[in-house]
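Heads up: the structure comes next, in structure tokens.
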Ligand code: SAH
């Protein structure tokens, strides 16, 4: 266990601090959440490698640096209500939950929903609720959100998310016209109708598949487990 604690501390210093993650609350959250609990048993020894790892259903747990980058960009604070689209293993939701009041997290694969719920329960993380569904429709019942974070890339930010974002709220999502290559985009809602967009660098995420994103691949094709990459210089 202490090996994992040491590996996590090394990960924070070498993969996050050196890449420019400087929000101490984010670094503390990354120090606290045990990534090894979110990866398949056979990959535990790789839990603190600088890379995404397969979690089943052709999906991946994001690279630690990208989770930290997205959560830092989301500027979470303790009263925030967060929508997390693409629960996957539940790791990013758990890190976001360490910095906010509640995380509502949506995943389209039932197997991953069950797995994430199980891991979060085992870790006694009670401020994350995991839903099965298409996150491109948002989640009206708990809107507005102070932050919306998506770990899957789509051709545009789903229209309904803008409406479900609080004024002052932040969306962080990979956007690109290819299924596996995107720019990490941050959108801030400045007023009722005014949104400000900025780019945080090039990334490669699995596709966001849903009614307001990419169509589902046919059975023979994979959703794509392309490795996520983040430019060493970003952000
Ligand atoms: N944040 C996750 C990363 C998972 S990868 C983690 O820390 O492990 C992205 C996830 O988005 C995949 O599990 C994929 O199934 C899911 N996904 C893709 N499109 C979706 C959609 N429209 N709604 C909900 N989940 C979606």
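The values are calculated or read from the model by the stated rules, or taken from the named source; none is laboratory data. From a predicted model like this one, the values you see are computed outputs, not experimental measurements. Reconstructed Cβ throughout: ideal geometry from the backbone, glycine too, with neighbour counts over all protein chains shown.
The single condition from (1) touching a strand residue (DSSP E or B) at 6+ places or on another chain (Cβ under 9 Å); (2) modelled with pLDDT under 95; (3) surrounded by fewer than 11 Cβ atoms within 10 Å (Cβ to Cβ) that residue 226 fails is (3).
Restricting attention to the stretch 114-139 and to residues that are within 9 Å of the ligand (Cβ to nearest atom) and in a helix (DSSP H, G or I), the residue that is surrounded by the fewest Cβ atoms within 10 Å (Cβ to Cβ) turns out to be 137. Checking every residue in the stretch 29-45 against the condition of being without any contact (Cβ under 8 Å) to a residue 40 or more places away in the chain, touching a strand residue (DSSP E or B) at 6+ places or on another chain (Cβ under 9 Å) and within 15 Å of the ligand (Cβ to nearest atom) gives at least one match.
Candidates are the residues of the stretch 140-156 that are closer than 16 Å to residue 101 by Cα and in a loop (DSSP other than H, G, I, E, B); the one that is nearest to the ligand (Cβ to nearest atom) is 143. Scanning the stretch 5-22 for residues that are in contact (Cβ under 8 Å) with a residue 40 or more places away in the chain and assigned to a helix (DSSP H, G or I), we see that the one that is surrounded by the most Cβ atoms within 10 Å (Cβ to Cβ) is 16.
Does residue 93 satisfy the criteria of being within 10 Å of residue 127 (Cβ to Cβ) and more than 10 Å from the ligand (Cβ to nearest atom)? Working first, answer last.
Details: within 10 Å of residue 127 (Cβ to Cβ): yes; more than 10 Å from the ligand (Cβ to nearest atom): no.
No; evaluated as a whole, the condition is false for this residue.
If you go through the stretch 52-84 and pick out every residue that is part of a loop (DSSP other than H, G, I, E, B) and more than 13 Å from the ligand (Cβ to nearest atom), you end up with 6. Kindly indicate whether residue 99 is assigned to a loop (DSSP other than H, G, I, E, B), more than 13 Å from the ligand (Cβ to nearest atom) and surrounded by 24 or more Cβ atoms within 10 Å (Cβ to Cβ). Considered against the rule, which asks whether it is assigned to a loop (DSSP other than H, G, I, E, B), more than 13 Å from the ligand (Cβ to nearest atom) and surrounded by 24 or more Cβ atoms within 10 Å (Cβ to Cβ), residue 99 comes out as no.
Looking at 202, 196, just one residue is away from the ligand (no atom under 12 Å from the Cβ), surrounded by fewer than 21 Cβ atoms within 10 Å (Cβ to Cβ), more than 23 Å from residue 82 (Cα to Cα) and modelled with pLDDT of 95 or more, and that residue is 202. Once the stretch 23-51 is narrowed to residues that are in a loop (DSSP other than H, G, I, E, B) and touching a helix residue (DSSP H, G or I) at 6+ places or on another chain (Cβ under 8 Å), the residue that is surrounded by the fewest Cβ atoms within 10 Å (Cβ to Cβ) is 50.
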